[in-house]
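Q: Have a look at this one before I ask anything.
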Amino acid sequence: MKKSILVFVMIITVVIFSNCHSSRKAMAETKVTYENNMQTLVMNNCAPCHIPAKNGNKKALDNYVALKDNIDNIIHRIELHPGERGFMPFKRDRLSDSTIAVFKKWKEEGMLQ
């Protein structure tokens, strides 16, 4: 009886861990796109300064082409730390490493729309 319970527990454990592994793999394969990811990040972290519709008066980053054309400069500036010249977002806390990673991943994956 003890053997059957032990075998049953082992089978359940294997099933659970195999499902966890496949879901992580699926998450890792998700592509970052402008419409699904970047547009929201820019609106949440670069507004109002870079969003003309919100009375921003800095370089507009409110569309795919503008973000794509400026991605290298954006990544450089968001990787800086407060107090360093060119740091963005100006007068705000530094973006989290995970948010910065999304910008980098979008560039690495070819800046999908």
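The values are calculated or read from the model by the stated rules, or taken from the named source; none is laboratory data. What you see is a predicted model; the values in this text were computed from it and never measured. Cβ coordinates were reconstructed from backbone atoms using ideal geometry, including for glycine residues, and neighbour counts include every protein chain displayed.
Q: Are there any pairs with C-beta distances below 6 angstrom linking a residue in the range 43-68 that is part of a loop (DSSP other than H, G, I, E, B) to a residue that is of a type in the set (Gly, Ala, Ser) and at pLDDT 95 or above, with the two at least 6 apart or on different chains, and if so which?
A: Taking only residues 6 or more apart or on different chains, the pairs are Ala60/Ala66.
Q: If I ask for residues that are over 14 Å from the mean Cα position of the chain (by Cα) and hydroxyl-bearing (Ser, Thr, Tyr), which ones from the range 60-103 would you list?
A: Selection gives Tyr64 alone.
Q: Still on this structure: For the range 60-86, which residues satisfy the criterion of being surrounded by 13 or more Cβ atoms within 10 Å (Cβ to Cβ) and in contact with a helix residue (DSSP H, G or I) (Cβ under 7 Å, 6 or more places away or on another chain)?
A: Hits for the range 60-86 are Ala60, Leu61, Asp62, Tyr64, Leu67, Ile71, Ile74, Ile75, Ile78, Glu79.
Q: Filter the range 33-42 down to residues that are touching a residue at least 40 places away in the same chain (Cβ under 8 Å) and surrounded by 12 or more Cβ atoms within 10 Å (Cβ to Cβ), then give me how many there are. Before you say what the answer is, go through the steps one by one.
A: Quick first cut of the range 33-42, residues touching a residue at least 40 places away in the same chain (Cβ under 8 Å) only: 33-35, 37-38, 41.
Subsequent filtering for residues that are surrounded by 12 or more Cβ atoms within 10 Å (Cβ to Cβ) retains 33-34, 37-38, 41.
Qualifying residue count, the range 33-42: 5.
Q: Just a yes or no: is a residue in the range 49-59 under 17 Å from the mean Cα position of the chain (by Cα) and crowded, with 16+ Cβ neighbours inside 10 Å?
A: The initial filter retains those residues of the range 49-59 that are under 17 Å from the mean Cα position of the chain (by Cα), namely none.
Scanning the range 49-59 turns up no residue that is under 17 Å from the mean Cα position of the chain (by Cα) and crowded, with 16+ Cβ neighbours inside 10 Å.
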